[in-house]
Structure formats: structure tokens, C-alpha cells
């Protein structure tokens, strides 16, 4: 994806350290989360999430990717399902609204913690079930908390999970920053072995990062890692900073093309939880 509440420490998990020369585990302390508990049809917690609304105009129309959806803040596009999940739903548009390319074809939702919470270098994860269908673009990603002042790509972008709807067995992760953005050299696709695919069940996607490196996980293994020195061979590293979180389901655009048929809609991206950890001292 291109640019376009908080809580106390309540739990801890342990994962193997990225430095394989030591056997001492890293202990992670939970500092922020949303479990999406609540009645069916309720909106997301406004203390934790806000909405991006529209087609990106004025500014970067099509959200910088020629996307075809119009994001709304309505329950038909983003609401709790009453079973502990957030449902982000892409639908054929019934709004009498124009997009940059003409009458809007689709609606969906994009939620963000911008101005409400920023994750310091640490660990961010979400458990997500993605939809299938050529032209769908579900994503879980982050933008640098200084995005509003320095813009993109100086802010940095960390894509924890993106999926092309035409490839339900694959997800990708990427890093964008000054000197390595757009068609970034820092991207990797993770494939599930046949006959499995990501749309059959929930999967956990996460990133661990600090000033020296970023590790991307596709449940439960590391599928990609990037060092700050590798980034610095192209431009300044963007790993030593906090980021705000984004969940969205785009339709159409450069990543997977536009849908060949609207029969894939409505399409639902289900999010079981989002959790943020810091490394315990």
C-alpha cells in the first residue's frame, strides 16, 4: 500500500530472538490491542481507530494506486460481527457519489490509528482471514507517525501483509522509504503449499522491528528480513521510528488490476485481533 486508545501492559508472549547466536528468548509485553469484541453492527472503538473516507481526492486520487473504491465510515463497510471480529466489506457502490474516474463503482473501508496511537519499534501482529477474488487488495500496514509533516516516502511505510485477490495462496511484505519506494527492492512474497490458501482460515501476520532490522512473519515462520544497512544502500533507514496502524480492503488499482466481475462482491476481510508489543527490558 502506498499512502495513501492505548492501554496498559496486560500480557506477555515469548518468541525466539532474531540473533541466532544466543538462546536467550525475547520477551514481548502487550501495550495496545483491539480484540473487536462487541455487538454485531457496532462500529470500531473511536478511541482507537479513525476512518479515511473518500477516493483520496483532493491530493492523491485513487489513493496513489488507481484504486476504484470509495472508502466510507458506514457499518455496511466496517463493523463488528458480534463474534469477536471486525468485518471490512467491499461492495458494489450504491452511493450517488463521483470518484476521480467517474461514478464510484465500489465502496469499502480503511481504518487507521493515526492521531490516536503509534507503535514504537517492537512487534505488531494481526490475525486475519482474507477474501478471494481478482481485483481485491486486503492489507495490514503502517505509515510513519510523521507522515502528516514529512509526507511519503520520507515517513516510511511497512507493509506487514498485502494480498492479490487473484493469488489466494500468497501474501507479501515490503518496506518503502526515501530511495526505495513504489516498486521497492525490499519486498517478498510468501507462498502456501498447494492446496492450502489464505482464504480458508485466519492467519497471523506480524512484524518485529528496531533500528537495526525488520523481521516479517507469516504464521509462524519468518519469511523475510531486512537490515537497516541494506536500506541505507538506497537511502536513509526508516526503522528507528514509531508507526501508526492501517487496515483496509481496496478494490482495483495497480496491485491486482480491476475486478473482471463484480460477482466476487460483497467480499469480507475478517480481523480477529490487532496486538502491539514492546520488548521487555
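The values are calculated or read from the model by the stated rules, or taken from the named source; none is laboratory data. The structure presented is a predicted model; accordingly, all values stated were derived computationally and were not measured. Cβ placement follows ideal geometry from the backbone for every residue including glycine, while neighbour counts extend to all protein chains displayed.
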Query raised in the report: Can you name the number of the only condition in (1) touching a helix residue (DSSP H, G or I) at 6+ places or on another chain (Cβ under 8 Å); (2) assigned to a strand (DSSP E or B) that residue 189 fails?
Result: (1)
Report summary line: Residues of segment 86-119 being within 16 Å of the chain's Cα centre (by Cα), assigned to a loop (DSSP other than H, G, I, E, B) and within 30 Å of residue 279 (Cβ to Cβ), in sequence order, are 113, 114, 117, 118
**Report entry** Selected residue [closer than 18 Å to residue 68 by Cα and loosely packed, with under 15 Cβ neighbours inside 10 Å] from 267, 263, 250
**Finding:** 263
Requested in this report: Any chance you could count how many residues in segment 156-186 are within 18 Å of residue 248 (Cβ to Cβ) and part of a strand (DSSP E or B)?
Outcome: 11
Query raised in the report: Is there a residue being over 26 Å from residue 133 (Cα atoms) and either assigned to a loop (DSSP other than H, G, I, E, B) or modelled with pLDDT under 95 (or both) anywhere in segment 58-69?
Result: yes
Query raised in the report: Is it the case that some residue within segment 256-275 is assigned to a loop (DSSP other than H, G, I, E, B) and more than 30 Å from residue 91 (Cβ to Cβ)?
Result: no
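Condition check ((1) within 29 Å of residue 210 (Cα to Cα); (2) in a loop (DSSP other than H, G, I, E, B); (3) at pLDDT below 95; (4) more than 17 Å from the chain's Cα centre (by Cα)) across all residues:
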residue: 19; (1), (2), (3), (4): yes, yes, yes, yes
residue: 39; (1), (2), (3), (4): no, yes, no, yes
residue: 46; (1), (2), (3), (4): yes, yes, no, yes
residue: 76; (1), (2), (3), (4): no, yes, no, yes
**Report entry** Qualifying strands (runs of 3 or more DSSP E) (wholly inside segment 198-243; at least 2 residues being at negative phi, under 15 Å from the mean Cα position of the chain (by Cα) and crowded, with 16+ Cβ neighbours inside 10 Å)
**Finding:** 203-209, 213-218
Requested in this report: Take segment 108-156 and flag every residue that is in contact with a helix residue (DSSP H, G or I) (Cβ under 9 Å, 6 or more places away or on another chain), crowded, with 24+ Cβ neighbours inside 10 Å and under 18 Å from residue 239 (Cα atoms).
Outcome: 144, 156
**Report entry** Residues located in segment 123-136, provided they are farther than 14 Å from residue 268 by Cβ and assigned to a strand (DSSP E or B)
**Finding:** 123, 124, 125, 126, 127
